[in-house]
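First the structure, in the form of structure tokens, and then the observations on it.
Read-outs: derived from the displayed coordinates by stated rules, not from any lab. Not measured: the values here are computed from a predicted model. Note: ideal-geometry Cβ built from the backbone for every residue, glycine included; neighbour counts use all protein chains shown.
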Amino acid sequence: MACISYFGKLYTKNMSNTTFLMDYFPEDSPIMQFSGRDNVAIINGEHWKSQRKIMNPAFHRSMPVGVFGSLMPSVFELIEQTQNSGEGYISASKLTRRLTLDALGKAAFDFDFFALKDENSVWVTTYNQVLESFLEVIPTFVPAVDYVYRFFSRQRRERYNATFKLISLLDDLADKKRVELQQKPDLDNKAQNEKDLLTLMLEAEIRGEGSWTKEELRHNMAIFFLAGHDTTSNSLAFCLYYLAINQDVQTKAREEVLSVLGNDMEDVFPTLEDCKKFPYLDMCIKEGLRLQPPANEITPRLTPKDTDLDLGGIVIPRGSMVNVDIQALHYNPNLWHEPEKFIPERFAENGEHSLHEGVTYAPFSSGGRVCLGINFSMAEQRVVLSMLLKKYEWKLPSNSIHREGIVMGQTFNLAPESLTIQFNNRY
Ligand code: HEM
């Protein structure tokens, strides 16, 4: 409980040094080659500051809503296919996983995974193998075991090789983009908000705001996958679920969307301006993130000095490892009225959350180490959900195992794997 109540104070005080599982990975393990120890999510101090500085412009400009919207026709096609196949419903988490991988590929690196077009495309398979490889704990931690394991197991060999294949892809994309921008800095004359993150990070380097080694750049690109893919995918899947079981909320969110995008029988791609006019939709996304925070803890950190919490003499000694249980914070009945219920109005201007003191809601963490990708993820979710709300009404199929409450998958990322949604066209 301590770490929950003291959350706000710790953030404003001295959390800095980070201790990680990463410390235990051998230098030559695939995961170390992929995301290293020198990415922005892991490093601390001056090194962290310099990386945040060079990444900040990419994450704080207006977001690429055009890129996100451009993926939606493929989503509609997939929904239509399931409607025509007689099944009538679609796996929500598979759909959002494919969508968010394509969104990340396009918006972060200008690369097409073709996940929506083909769930078995070469790069989707490669990416999945990489993630599966990291979940094989023993070979990942013990290189000697891995060596033997690879010798005997074709599956492990394929997963191992996939990591290096993805590494090569990221290096190639970065090298190519760097050369293009150095030769012709104005080459990418797209609107600033539609540029990919890699271009923006390299443009910041060209402007002299910092510099990247080849490895640092790759490790940070890798972190976008590890921090930004499943998180946004799960958030979208849960939001679909909560809107499905709360039809009144879905109707209200749709009314808001239609008041902005119009009620003609056609697909409309929301603009940046449109996306600012969805306060109720934002509340729904936030409430979904309260109930199902994709990261249910932050990374444990060591206090670099004694930290007095100003709570009647409670001091956290220097060198203590502290963590924040985001899930427990979001379900604390002393903070949230009926915490188990989906009530987006909590996040209204004068709603429950506005009356709280300190940090009581932190799906993206808080303070200096707050998630870099908040705006990116929220923009993506606004575009996707508004376009779905305009085109469809949705509910859980009558045989859904989630009717009495969400049933989690047993995987690493706590996705509602078996969640299916029945979409009915409005036009
Ligand atoms: C719903 C979606 C997301 C959630 C819930 C989420 C949550 C979080 C949380 C809780 C942290 C802090 C972790 C810690 O304290 O160790 C974090 C950090 C981070 N996130 Fe996200 N994230 C999301 C989407 C994204 C996306 C889309 C990206 C990138 C494209 C991203 C990039 C990062 C990075 C780079 C950090 C490290 C920041 C730093 O330490 O300075 N995240 N995220």
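Considering only Arg154, Arg97, Arg37, the mean-square fluctuation computed in a Gaussian network model of the chain, springs between alpha carbons under 10 angstrom, is largest for Arg154. Report, ordered by chain and residue number, the lysines lying within cross-link reach of Lys195, taken as a straight Cα distance under 24 Å and ignoring same-chain residues fewer than 8 apart. Straight-distance partners of Lys195: Lys49, Lys53, Lys106, Lys117, Lys176, Lys177, Lys184, Lys214, Lys276, Lys277.
List the trypsin sites (Lys or Arg not before Pro) within the stretch 189-232 that DSSP assigns to loop and that have no more than 15 neighbouring Cβ atoms inside 10 Å. It would help to have the intermediate numbers written out before the result.
Details: sites: Lys190, Lys195, Arg207, Lys214, Arg218; in loops: Lys190, Lys195, Arg207.
Here the sparse-neighbourhood loop sites are Lys190, Arg207.
The distance from the alpha carbon centre of the stretch 307-357 to that of the stretch 71-99 is 37 Å, rounded to a whole number. Note on Asn161 and Asn350: with the Förster distance fixed at 60 Å, the Cβ-Cβ geometry gives a FRET efficiency of about 0.60. Helical runs assigned H by DSSP (4 residues or longer) give the chain a calculated mean residue ellipticity at 222 nm of -16000 deg cm²/dmol, each run adding -39500 (n - 2.57) before division by the residue total. Relative contact order (percent) for the stretch 2-425, with alpha-carbon contacts under 8 angstrom and 6 or more residues of separation? It rounds to 26 percent for the stretch 2-425. Taking 0.36 nm per residue of separation and subtracting the current Cα-Cα distance, fully stretching the chain between Arg207 and Gln192 would add 3.9 nm. Couplings 3J(HN,Hα) of the stretch 109-116, computed from phi: 10, 6, 10, 9, 6, 6, 5, 6 Hz, in residue order, whole Hz [Karplus 6.51 cos²θ - 1.76 cosθ + 1.60, θ = phi - 60°; x for Gly and Pro].
Of Met201, Met221, Met32, which is the most mobile in a GNM of the chain whose springs link Cα atoms less than 10 angstrom apart? Looking only at Met201, Met221, Met32, the biggest GNM fluctuation is shown by Met32.
Using a Gaussian network model of the chain in which every pair of alpha carbons under 10 angstrom is joined by a spring, one finds that among Ser91, Ser74, Ser153 the greatest mean-square fluctuation is at Ser153.
Give, in nm to one decimal, the length gained when the segment between Asn332 and Glu255 is fully stretched (0.36 nm per residue of separation minus the Cα-Cα distance). Each step should come with its number before you reach the end.
Working: separation 77, 0.36 × 77 = 27.72 nm, distance 3.16 nm.
Gain on extension, Asn332 to Glu255, equals 24.6 nm.
Under 19 Å from a label point set 7 Å out along the Cα-to-Cβ vector of Lys53, the amide N atoms of the stretch 191-228 belong to 200-214, 216-217, 220.
Along the stretch 48-55 the Karplus relation, 6.51 cos²θ - 1.76 cosθ + 1.60 evaluated at θ = phi - 60°, assigns HN-Hα couplings of 4, 4, 5, 6, 4, 4, 7, 8 Hz to successive residues, with x for each Gly and Pro. Cβ-Cβ distance of Ile401 and Ala144, R₀ of 35 Å, FRET efficiency by 1/(1 + (r/R0)^6): the value works out to about 0.25. Between Asn263 and Val370, the FRET efficiency from the beta-carbon distance, with R0 = 51 Å, is close to 0.85. With label points built 7 Å along Cα→Cβ from the Cα atoms of Val179 and Leu135, find their separation and express it in nm. According to this spin-label approximation, the distance is 3.7 nm. The modelled label-to-label distance for the pair Gln247/Lys214, using points 7 Å beyond Cα in the direction of Cβ, is 5.9 nm. Here the spin labels are modelled as points 7 Å beyond Cα on the Cα-Cβ line, and at Glu357 and Asp28 they lie 5.7 nm apart. Residue by residue, the stretch 299-304 carries 3J(HN,Hα) couplings of 6, x, 9, 9, 6, x Hz when phi is fed to the Karplus relation 6.51 cos²θ - 1.76 cosθ + 1.60 (θ = phi - 60°); x denotes Gly or Pro. For the stretch 189-295, GluC sites (Glu not before Pro) are listed when DSSP marks them as loop and at most 11 other Cβ atoms sit within 10 Å of their Cβ; the list is Glu266.
Cα centroid separation, the stretch 359-389 to the stretch 264-303: 5 Å.
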